[in-house]
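For reference, the structure discussed in these notes is given below.
Coordinate-derived values only; no laboratory data. Keep in mind that this is a model prediction, so the values were computed, not measured. Virtual Cβ from ideal backbone geometry, glycine too; neighbours counted across all protein chains shown.
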C-alpha cells in the first residue's frame, strides 16, 4: 500500500525525533510540531531504541558495549594470528 504523503525521512532525522521523545517530548507534541503521524513516530521509537533483554539501554551504555565488541574482535584476531604462529613453531620442532 503506498504511503499517504510519500515523504521519506533520513535516518538522522528519525533518530533526532526519537531522541527528542527520550528527553521528554510527547509523541503527540512531536507529531503536531513536525507533521509526522504518531504511528510513524511510535514505529521509529520501537526500531531505533536499543534494547537488551527487554531493558532499554542508554546511549552511553550502547556506546560502551560497541567499544567492547570492537576490543574483543581485535583480541580475537590477535589470538588467531598467535595460534597460527605457535602452530608453525611446533611443526618445525
Next on the checklist: Anything in the stretch 48-66 that is surrounded by 10 or more Cβ atoms within 10 Å (Cβ to Cβ) and part of a helix (DSSP H, G or I)? List them, or say none.
Outcome noted: 48, 59, 61, 62, 63, 64, 65, 66
Checklist outcome for this item: Filtering the stretch 32-47 for residues that are part of a loop (DSSP other than H, G, I, E, B) and in contact with a helix residue (DSSP H, G or I) (Cβ under 9 Å, 6 or more places away or on another chain) leaves a count of 2
